[in-house]
Each structure stands twice: as structure tokens, then as C-alpha cells.
Ligand code: SF4
């Protein structure tokens with residue numbers, strides 16, 4: 001594993017420094033940079049700003065070349081701009097809303113996990129995965145991005161859920177994760193091919209900004225990804241799925257399912273108490289019908305909890321006959337749970353069971369395990385280890401709740417982890 005710092009974003013706020021007990025991205029004392037990010041300013045608005053500032057409109061195109069050109073890391077790198085205009089832009093906008101990025105490599109350089117520091121000191125993560133060309137298949141470079149700092153959903157197997165909710169990301173903070181990755185890729189002669197909203201946060205609880213960011217990512221004049229190369233994921237926010245259905249884009253919809261039975265899903269994905277699993281799958285099927293796009297269902301496999309024959313039967317019954325595909329993902333042991341990942345041979349057997357029931361299924365490998373493949377792990381490291389007593393109480397509660405769920409009883413207790 002190797003790690004490196006990718007500069008200090010817009011050049012303001014000072015260099016990151018080591019914090020107590022942690023040497024990754026630390027918050028500089030002067031972090032308060034909350035000017036609007038240039039990447040979320042619509043081209044017409046930037047042209048209007050230039051004209052109001054007494055500049056020719058073509059200056060907006062020069063800024064856009066720098067923003068989307070995969071080379072410039074700061075306004076100072078946009079050499080076509082006069083210095084005085086650069087200063088005015090700096091005083092009004094941020095060229096990059098990521099103040100600093102700590103990049104860690106894993107999987108022999110095929111996975112890069114990035115911890116980004118934002119202007120108010122919040123930190124978020126993105127993961128860049130490289131898939132070399134194989135046979136007929138072209139090389140892919142997929143970036144997994146965050147939509148919120150922290151997450152309110154509180155899935156107990158997830159390090160982000162354990163951190164709790166911080167705030168929604170701004171459009172520019174979402175887009176700038178992608179710009180940062182395209183610059184790193186361009187330096188190696190590679191191009192970004194796919195973006196998935198599966199990092200920190202529940203995208204559909206920040207849906208206005210997520211959809212605005214998706215529009216920028218798929219705009220040919222900006223990032224220019226094909227809509228089919230963009231995946232929006234949700235843990236089951238039904239109104240968000242319905243809104244997407246009304247728009248009927250060609251984005252891939254991924255539903256984080258993790259359990260097919262309500263009592264167990266109440267425990268693993270607490271949002272299930274609000275939108276039960278049947279409603280979620282019905283809404284996702286409407287999206288499939290409106291767009292013709294196959295829906296993906298993500299299923300983290302936890303030994304003895306959601307990998308039993310009863311779970312297999314419930315999942316097969318739920319998805320049989322629908323245009324759906326299941327991705328089985330062994331649980332990553334990062335959150336403070338009492339559980340372990342399902343062993344590989346049982347994951348395979350579960351996959352075979354689903355396939356025999358007519359449900360397309362793939363077993364996914366967890367990329368970047370040694371650098372904290374589950375979203376939120378690096379941010380959790382930065383937050384520090386929670387008190388041992390709080391961890392023990394949480395584990396006991398999860399044992400109790402999952403045992404109740406396996407008996408088919410629904411629980412009402414929400415859970416989180418207490419941090420001082
Ligand atoms: S798995 Fe996703 S929805 Fe659940 S807590 Fe983690 S980030 Fe939030």
C-alpha cells in the first residue's frame with residue numbers, strides 16, 4: 001500500500017497537517033472556505049458574471065477549459081486568464097471544493113481510496129477502481145463517489161452509518177470528486193469510464209444536488225459520461241425512486257437491499273421501517289419498466305444473519321420474474337458489529353441458488369480491502385475509535401435485534417454508536 005497527498009485544492013486554507021493520533025488529512029486551522037464551487041456554476045451564469053465583471057464572454061470558455069480539461073488543479077494553472085481576473089475569480093468562487101486529498105493505493109495500484117477534506121473541515125471518501133482490458137472487454141475505470149458527509153440511514157455493517165449524519169454535499173463537492181479522479185487518471189493516460197454514487201451517504205436524501213451533479217457529469221461539454229455509465233444507488237428512498245422514474249433517464253439504478261424480509265431489513269437497513277422492502281422493489285420495477293434499464297440489487301452477505309436458506313428463498317421470491325440483477329458482496333469487517341462475512345463457498349452456493357431460481361447474480365469482490373474498502377472507513381479512522389463500552393452495547397443490541405429478526409419479529413429500536 002502506498003499513500004500520497006494530492007495538493008491543497010484551491011490553494012487556500014494552508015497545507016494539511018498531522019492531527020493527534022492520526023496522520024491522514026487533518027483540518028488546517030484556517031479551513032472556512034465556503035465560496036461557491038466553480039464546477040456547479042452553469043455556463044450561462046459564468047458568462048453573465050464575466051460580462052458583469054467587464055470581461056469578454058469568451059473568458060468563461062477559458063475557465064471552462066481549465067475546469068473540465070483534466071489538467072488544471074487550480075486557477076493558477078489556467079494560463080490563458082489574466083492574473084487580475086484570476087484574483088477576482090478566486091475571491092468569488094472556489095476552483096476546487098476539495099481542500100486536500102489523501103490518496104492510498106491498494107490491489108497493486110488497481111484501487112485508489114481517497115479521503116477528501118472539504119472547506120468546512122468535513123471529510124468524505126471516493127474510490128477509484130481500475131479494471132484492465134480482458135478479451136473483448138475494454139479497460140474500465142470506475143469511480144465511487146460520496147453524496148453526503150456521513151449518513152443518517154445507519155446501516156449497522158457500514159462505517160459511514162456508524163459515524164452518523166454530517167451534512168449534504170454541495171453539487172460542486174460531488175462533481176469535484178470526479179474532477180480530481182479524472183486528473184489523476186489523465187496523468188497516467190487513462191480515462192474515467194463509470195461513476196457510481198455508492199460512497200458515503202444516501203444519494204436520494206440529497207436528491208436535488210445529486211441529480212444536478214449527474215446532469216453535469218453526463219453533459220458532453222463538461223465531464224461527458226454516457227448516462228448508462230452512471231449508477232445512482234439508494235437504500236430504498238421510495239419517493240426518490242419515483243422521481244427518477246418520472247424523469248426516465250438512462251442511469252443505472254442500484255438498490256441496496258441486503259435482506260428480503262422486513263424484520264431483518266429493519267435491522268440491516270433501518271430506512272426499511274419507513275419504506276418496506278416490497279414497496280422499494282415495486283418502485284424499482286416501475287423504474288425498470290419506464291426506462292428499460294435492468295435494476296441492480298446489492299446484497300452484503302453476513303454469516304448466519306442474511307445468508308440462510310430462508311433468506312435465499314425470500315430473495316428469490318422477491319425478484320423472480322423481474323428484470324433485475326443481484327450483486328452479492330461479502331461484508332467488509334470495518335464497522336463495530338458482532339458479525340462476520342459469509343465464507344466464500346457459501347456466497348457461491350447462495351449465488352447458485354439464486355441463479356437456479358432464475359435471478360441473475362454476480363459475486364463481487366471487495367476492492368481495496370487493505371485500505372478500507374467499505375465506505376466511511378477512512379473518515380471513521382479520522383473520527384477516532386469510539387469508547388469500548390459504546391461498542392459493546394451496540395454489539396449486544398445488534399445480536400438481540402438480529403436474533404429477533406430471524407424469529408420473524410420486527411424491532412422498533414433505532415441504533416447508532418455513541419461517540420463522546
Ligand atoms: S450503507 Fe449506505 S445508506 Fe447505509 S449507512 Fe452506509 S452510506 Fe448510509
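Here are some notes:
- Residues that are more than 9 Å from the ligand (Cβ to nearest atom) and in a strand (DSSP E or B) were ranked within the range 139-155; the one that is nearest to residue 234 (Cα to Cα) is 144.
- Positions within the range 223-241 being more than 14 Å from the ligand (Cβ to nearest atom), part of a loop (DSSP other than H, G, I, E, B) and either touching a residue at least 40 places away in the same chain (Cβ under 8 Å) or surrounded by fewer than 18 Cβ atoms within 10 Å (Cβ to Cβ) (or both), in sequence order: 223, 224, 226
- Matching residues in the range 275-302 - criterion: being without any contact (Cβ under 8 Å) to a residue 24 or more places away in the chain and closer than 16 Å to residue 262 by Cα: 276, 282
- So residue 172, is it assigned by TED's automatic domain parsing to the domain that holds residue 200, in contact (Cβ under 8 Å) with a residue 60 or more places away in the chain, more than 16 Å from the ligand (Cβ to nearest atom) and farther than 30 Å from residue 397 by Cβ: yes
- Residues that are within 16 Å of the ligand (Cβ to nearest atom) and either under 26 Å from residue 384 (Cβ atoms) or in a loop (DSSP other than H, G, I, E, B) (or both) within the range 193-208 comprise 198, 199, 200, 201, 202, 205, 206, listed in sequence order.
- Of all residues in the range 156-169 being buried (at least 21 other Cβ atoms within 10 Å of the Cβ) and part of a loop (DSSP other than H, G, I, E, B), the one that is nearest to the ligand (Cβ to nearest atom): 158
- Of the set (1) in a loop (DSSP other than H, G, I, E, B); (2) within 16 Å of the ligand (Cβ to nearest atom); (3) surrounded by fewer than 24 Cβ atoms within 10 Å (Cβ to Cβ), all apply to residue 190 but (2).
- Look at (1) surrounded by 20 or more Cβ atoms within 10 Å (Cβ to Cβ); (2) part of a loop (DSSP other than H, G, I, E, B) and you find that residue 220 fails only one, number (1).
- Residues satisfying the stated conditions in the range 79-109, i.e. more than 21 Å from residue 217 (Cβ to Cβ) and in contact with a helix residue (DSSP H, G or I) (Cβ under 7 Å, 6 or more places away or on another chain): 80, 81, 85, 86, 89, 90, 104, 106
The values are calculated or read from the model by the stated rules, or taken from the named source; none is laboratory data. Fair warning: this is a prediction, and the values are worked out from it, not measured in the lab. Ideal geometry is used to build each Cβ from the backbone, glycine not excepted, and the neighbour counts take in all protein chains shown.
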